Amino acid sequence: MAIDGKTLRGSRNTETAARRTMTACDQATGVVQASIDVDGKTNEITRFAPLLDQISDLRDTVITADALHCQREHVTYLAQRGAHWILTVKGNQPHLHAQFTTLPWRAVPEATRDTDRGHGRREIRSLKILTISTGIDFPHAAQAIQIRRRRRRLDQPKTSPPRPSTPSPISASTRHNRHNWPA
């Protein structure tokens, strides 16, 4: 289930601010399972649990959310509800991000590699998965997933190596026995 917030296009006028909502969407079917308003007096972080409280059973559901939701309170809530999670770790959690970058990624074999061409460039994505037993100060973290993306414009000479794009996001999950996450 994917959690994401959006500003509704065309909802702003001269008297009111744009309407913001957050939804929980079943990724397999595309069906919205829950939705909640995020008014100007609050933000998505405070609306996370009330959104998911609308869904009666989260046991064994994998919740994905962007870096904004990489919060200790959120993963504690998900663990209490029996859910699993995949969250992106970025600069909003500098201490946690630093911990992930010190993991022994060079010693970890690639779980999958995908090459794609389109929009005038070639992209290569690789995925590594590492079980975390110690060293990560984040509740319920059991695995880390490193996603690396490199891209090269097709009009560049092939002798030049693909140029790395933005810093690689690193994700964490509470899923203990799963080794092949969908890319």
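The values are calculated or read from the model by the stated rules, or taken from the named source; none is laboratory data. Please read these numbers as outputs of a predicted model, since none were measured by experiment. Cβ coordinates were reconstructed from backbone atoms using ideal geometry, including for glycine residues, and neighbour counts include every protein chain displayed. Surface areas here come from the heavy atoms of the whole protein model, side chains and all, with no ligands, DNA or RNA. Shrake-Rupley method; radii C 1.70, N 1.55, O 1.52, S 1.80 Å.
Could you count how many residues in the stretch 87-99 are crowded, with 17+ Cβ neighbours inside 10 Å and within 15 Å of the chain's Cα centre (by Cα)?
If we filter the stretch 87-99 for residues that are crowded, with 17+ Cβ neighbours inside 10 Å, which is where we start, we get 87-90, 93, 96-97, 99.
Right, trim to within 15 Å of the chain's Cα centre (by Cα) and you get 87-90, 93, 96-97.
Matching residues across the stretch 87-99 total 7.
Scanning the stretch 100-125 for residues that are assigned to a strand (DSSP E or B) and either of a type in the set (A, V, I, L, M, F, W, C) or closer than 17 Å to residue 86 by Cβ (or both), which turns out most open to solvent (accessible area, probe 1.4 Å)? Please lay out each step first, then the result.
At the first step, the residues of the stretch 100-125 found to be assigned to a strand (DSSP E or B) are 112-118, 121-125.
After this cut, where a residue has to be either of a type in the set (A, V, I, L, M, F, W, C) or closer than 17 Å to residue 86 by Cβ (or both) as well, the list is 112, 124-125.
Values: 112: 58, 124: 12, 125: 87 Å².
Ranking the qualifying residues of the stretch 100-125, first place goes to 125.
One residue is enough: does the stretch 27-43 have a residue meeting the conditions in contact with an Asp or Glu (Cβ under 7 Å, 6 or more places away or on another chain) and open to solvent by less than 80 Å² (accessible area, probe 1.4 Å)?
Of the stretch 27-43, the ones in contact with an Asp or Glu (Cβ under 7 Å, 6 or more places away or on another chain) are 33, 38.
From the residues that got through so far, the ones that are open to solvent by less than 80 Å² (accessible area, probe 1.4 Å) too are 38.
Yes; the residues of the stretch 27-43 include at least one that is in contact with an Asp or Glu (Cβ under 7 Å, 6 or more places away or on another chain) and open to solvent by less than 80 Å² (accessible area, probe 1.4 Å).
Just checking, how many residues over the stretch 10-19 are open to solvent by 80 Å² or more (accessible area, probe 1.4 Å) and either acidic (Asp, Glu) or within 23 Å of residue 69 (Cα to Cα) (or both)?
Residues that pass the stated criteria total 2.
Picking from 113, 81, 59, which residue would you name as being at pLDDT 90 or above, touching a Ser or Thr at 6+ places or on another chain (Cβ under 9 Å) and farther than 23 Å from residue 46 by Cβ?
Details: 81 fails: farther than 23 Å from residue 46 by Cβ; 59 fails: touching a Ser or Thr at 6+ places or on another chain (Cβ under 9 Å).
Exactly one residue qualifies, and that residue is 113.
For the stretch 139-157, which positions are open to solvent by 60 Å² or more (accessible area, probe 1.4 Å), free of Cβ contacts under 8 Å to residues at least 40 places away in the same chain and part of a loop (DSSP other than H, G, I, E, B)?
Result: 154, 155, 157.
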